[in-house]
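Enquirer: Below: one structure in structure tokens.
The values are calculated or read from the model by the stated rules, or taken from the named source; none is laboratory data. Here the structure is a predicted model, which is why all the values come from computation and not from measurement. Note that each Cβ is placed from the backbone with ideal geometry, even for glycine, and that neighbours are counted across all protein chains shown. SASA here: full protein model, heavy atoms, side chains in, ligands and nucleic acids out. Shrake-Rupley method; radii C 1.70, N 1.55, O 1.52, S 1.80 Å.
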Amino acid sequence: MKRQISYLWALMTANMKSYNAERKRLFVMALFMMIQNAMFFGLWVIFFQTVGDLKGWKLVDVTRMFGLAASAIGLSLFFFNGARTLAYRVMDDSIDSFLTRPRKALPMLLMSSSSPASLGDITFGPLLWLTLGEVPLSLFPWFVLLTLFSALIFTAATLMMFSIVFWLKTSSRFPEQLFEMLIILSSNILHGQPFGVKALMFTIIPAGFISYLPAQLMRGFDPLLFGILLVATVFYAALAAYIFNAGLRRYVRGVV
Amino acid sequence: MVEEIIQVQDLTRIFRVRDKAAAKSGWFSKPATKELTAVGNLNFSIKTGEKVAFIGPNGAGKSTTLKMLCGLLAPSTGTASVCGLVPWVATQELAAKIGLVFGQRSHLWPNLTVSDSFALLGKIYDIDDGEAKAQTDKLIEVFGLTKFFGQYARTLSLGQRMRCDIAAALLHQPSVLFLDEPTIGLDVTAKALLRDHLNRLVQEFETTVLLTSHDTDDIEKICDRVILIDHGQKLLDTTLPALHRDYTHYKTLTLATEEACPLFDHPHVVVEEQGDHRLVLKVDVKQVRLESVVAQCLECFKLHDIAIEDLPLEEIIKTIYRQMKLARGA
């Protein structure tokens, strides 16, 4: 167990060390991501200044949800951006380098890349909570915990989407499109959406579990909702690992 | 210790590929496909410590076979074992026992220093810190990596990168080393240096080597046995000296003469090159004794120098393929 932790730590630190070579790029990209987030969030501010509230949701609720989504996506892309490299790794067979190591391929793949811009996302969330979100510091640990669950589900969803390449090798752009859709839906309000859309957001594209459900829990603790979030996190993580491994078996069979 | 470290039995890999020759299918109909046999009923075994060249033209099935032996691809039929394991079943377990070097693909992390890459590999292969350091120090010394060990992998020259890649593949002291075009793109000096380092290390660790390369110098300098394949089938499996002995009956005689324009005539000798004070002869030793040709040369010319060489391996391989092609045609 100790050796396993030491190995995972080594993977993570190696990922972080790769930034040593390009620190300036890291800060510039993080800064621009924060500016981009602020511009996007500005639209919500204008919207709520106009309509006041949306079926009981106020600007403060959206601020908290948007902050959570930004931080969760940022955490996922900072630590596990390797999931997004799966498509091209399968296309050019560079996934072979993970299969010829005496370790499980999944952790190595997930931690094989980090997105520098995501640092901007990670910091944008708490900044938003502290400024417009009116979040007292006492609630911070709770919000951070919800963000971690959200980040895990986002990572699992990303891995599932990019694992499609094992079945549709020629369509590397398709997982990218799904991923972009996931980001857009995760940073939007699902509150007040029709049942069909909600059903979709809580099944195939789990954007509802990434932002909407944690946002509800931010408004007030509900043991049932928290239980659902826990189960969903375990379920999507297990499902993503299963789909990835099934795809990998296809790859080794030479079907891909 | 396993006597035969690699065993391959009736290994076959068939791919289903799009049949471009077939009539064009509609938008929603399934495209026509055909079967392509990349490797067909391949059989061979390799003993511990052997250094084997696995050669053949492009598309012969070398890489497909190599992929199957590393566990990256399952065969359609047949079986194989490497270090006593079925590669495509126990891929992860096997990975600890083999080393891989693909000339066109680096196993180093481009944004990490070589030193950090080695440290990470130590963790991946679960090598004790002390042992990893000792082995790293040894590899640094043998491969002469000191100068660029602290550099980012992406800033290395191709020659430096290949040396680091091979050293990295030997960090966990694998029993079998698979080398796929290890000297591709390197200049003559870098190639020679790399081969020297590699030979030193594989001898010391008693590593079994399976090498694919289009560079016949790699084969001559590293290997002691050759397996020749084409169209996924084994054509030849022999030792390097036997290949020279059995598949060529020519010797090359290079003469440096006093005479400005040396002329030579013999029914079983072909004049390959004739120039200023220089003559290159191809002698058919099955038809004429080499000694008698040399004696005739000594009689005819005042010699400054003489060199007798076997036909280059490249020529031998070409001859074998020509013979096989003719046999197939017949």
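Enquirer: Of the numbered conditions (1) more than 30 Å from B:E4 (Cα to Cα); (2) surrounded by fewer than 22 Cβ atoms within 10 Å (Cβ to Cβ), B:S117 satisfies every one except a single condition; which is it?
Expert: For B:S117, the failing item is (2).
Enquirer: Further, regarding this structure: Going through segment B:172-200 one residue at a time, which ones are in contact (Cβ under 8 Å) with a residue 60 or more places away in the chain and among the aliphatic types (A, V, I, L, M)?
Expert: Within segment B:172-200, B:V176, B:L177, B:L179, B:I184 meet the criteria.
Enquirer: Another one. Among (1) open to solvent by less than 30 Å² (accessible area, probe 1.4 Å); (2) among the acidic types (D, E); (3) farther than 22 Å from B:R105 by Cβ, there is one condition B:E206 misses while meeting the rest; what is its number?
Expert: The number of the failed condition is (1).
Enquirer: Further, regarding this structure: Go through segment A:73-100 and give me each residue that's open to solvent by 20 Å² or more (accessible area, probe 1.4 Å) and without any contact (Cβ under 8 Å) to a residue 12 or more places away in the chain.
Expert: A:D92, A:D93, A:S97, listed by residue number.
Enquirer: OK, next. Just checking, which of A:F32, A:F48 is part of a helix (DSSP H, G or I), more than 14 Å from every other protein chain (Cβ to nearest Cβ) and in contact with a Lys or Arg (Cβ under 8 Å, 6 or more places away or on another chain)?
Expert: Values: A:F32 fails: in contact with a Lys or Arg (Cβ under 8 Å, 6 or more places away or on another chain).
Sole residue among the options that is part of a helix (DSSP H, G or I), more than 14 Å from every other protein chain (Cβ to nearest Cβ) and in contact with a Lys or Arg (Cβ under 8 Å, 6 or more places away or on another chain): A:F48.
Enquirer: Exactly one condition in (1) open to solvent by 10 Å² or more (accessible area, probe 1.4 Å); (2) closer than 30 Å to B:A169 by Cα; (3) in a helix (DSSP H, G or I) is false for B:D246; which is it?
Expert: With respect to (1) open to solvent by 10 Å² or more (accessible area, probe 1.4 Å); (2) closer than 30 Å to B:A169 by Cα; (3) in a helix (DSSP H, G or I), B:D246 is out only on (2).
Enquirer: Within segment A:136-150, which residues are open to solvent by less than 10 Å² (accessible area, probe 1.4 Å) and among the aliphatic types (A, V, I, L, M)? Walk me through it before giving the result.
Expert: Looking only at segment A:136-150, we keep the residues that are open to solvent by less than 10 Å² (accessible area, probe 1.4 Å), and these are A:143, A:146-147, A:150.
Answer for segment A:136-150, where residues must be open to solvent by less than 10 Å² (accessible area, probe 1.4 Å) and among the aliphatic types (A, V, I, L, M): just A:L146.
Enquirer: Give the residue, chosen from B:K147, B:K123, that is open to solvent by 20 Å² or more (accessible area, probe 1.4 Å), more than 13 Å from chain A (Cβ to nearest Cβ) and among the charged types (D, E, K, R).
Expert: Selected residue: B:K147, the only one of B:K147, B:K123 that is open to solvent by 20 Å² or more (accessible area, probe 1.4 Å), more than 13 Å from chain A (Cβ to nearest Cβ) and among the charged types (D, E, K, R).
Enquirer: Further question: Against the condition closer than 19 Å to B:N111 by Cα, more than 14 Å from chain B (Cβ to nearest Cβ) and of a type in the set (K, R), how does A:R89 come out, does it pass?
Expert: Answer is no for this residue.
Enquirer: Against the definition (at pLDDT below 90 and away from every other protein chain (no Cβ under 14 Å)), how does B:G40 come out, yes or no?
Expert: no
Enquirer: Pairs, please: C-beta under 9 Å, at least 6 apart or cross-chain, first residue of a type in the set (D, E) and in segment A:110-126, second in a loop (DSSP other than H, G, I, E, B)?
Expert: Every condition considered, the pairs that remain are A:D121/A:S115.
Enquirer: Further question on the same structure: Within segment B:109-120, how many residues are over 27 Å from the mean Cα position of the chain (by Cα) and either more than 7 Å from chain A (Cβ to nearest Cβ) or in a loop (DSSP other than H, G, I, E, B) (or both)?
Expert: 5
Enquirer: Still on this structure: Looking only at segment A:96-109, count how many residues are more than 9 Å from every other protein chain (Cβ to nearest Cβ) and farther than 13 Å from A:A241 by Cα.
Expert: Adding up the residues that qualify gives 1.
Enquirer: A further question follows. Go through segment B:27-58 and report how many residues are open to solvent by 20 Å² or more (accessible area, probe 1.4 Å) and in contact (Cβ under 8 Å) with a residue 40 or more places away in the chain.
Expert: 10
Enquirer: Additional query: Within the bounds of segment A:58-70, is there any residue that is more than 14 Å from chain B (Cβ to nearest Cβ), buried (at least 20 other Cβ atoms within 10 Å of the Cβ) and of a type in the set (S, T, N, Q)?
Expert: Yes, segment A:58-70 has at least one match.
Enquirer: When residues of segment B:77-108 are filtered for being facing another protein chain (nearest Cβ under 8 Å), surrounded by fewer than 21 Cβ atoms within 10 Å (Cβ to Cβ) and part of a loop (DSSP other than H, G, I, E, B), how many remain?
Expert: Final tally of qualifying residues: 2.
Enquirer: Next question. Which numbered condition in (1) open to solvent by 40 Å² or more (accessible area, probe 1.4 Å); (2) farther than 16 Å from A:V60 by Cβ; (3) hydrophobic (A, V, I, L, M, F, W, C) is the only one that A:L130 fails?
Expert: It fails just one condition, (2).
Enquirer: Could I ask something else about it? Does any residue in segment A:51-65 that is at positive phi and without any contact (Cβ under 8 Å) to a residue 12 or more places away in the chain come within less than 8 Å, Cβ to Cβ, of a residue that is outside any strand (DSSP E or B) and of a type in the set (D, E) six or more places away or on a different chain, and which pairs are these?
Expert: Close Cβ pairs (under 8 Å, with a partner that is outside any strand (DSSP E or B) and of a type in the set (D, E)) do not exist here.
Enquirer: Looking at segment B:126-144, which of the residues that are under 20 Å from A:M12 (Cα atoms) and part of a helix (DSSP H, G or I) is nearest to the other protein chains (Cβ to nearest Cβ)?
Expert: Filtering first and then ranking leaves B:D129.
Enquirer: Let me ask something else. Inside segment B:85-109, can you point out the residues that are closer than 20 Å to B:D218 by Cα and without any contact (Cβ under 8 Å) to a residue 40 or more places away in the chain?
Expert: Scanning segment B:85-109 gives a single hit, B:R105.
Enquirer: For segment A:198-240, how many residues are open to solvent by 50 Å² or more (accessible area, probe 1.4 Å), in contact with a Gly (Cβ under 9 Å, 6 or more places away or on another chain) and part of a helix (DSSP H, G or I)?
Expert: 2
Enquirer: While we're here: Condition check: outside the structural domain of B:L66 (by TED's automatic domain parsing) and part of a loop (DSSP other than H, G, I, E, B). Does B:H266 satisfy that?
Expert: For B:H266, the condition - outside the structural domain of B:L66 (by TED's automatic domain parsing) and part of a loop (DSSP other than H, G, I, E, B) - is met.
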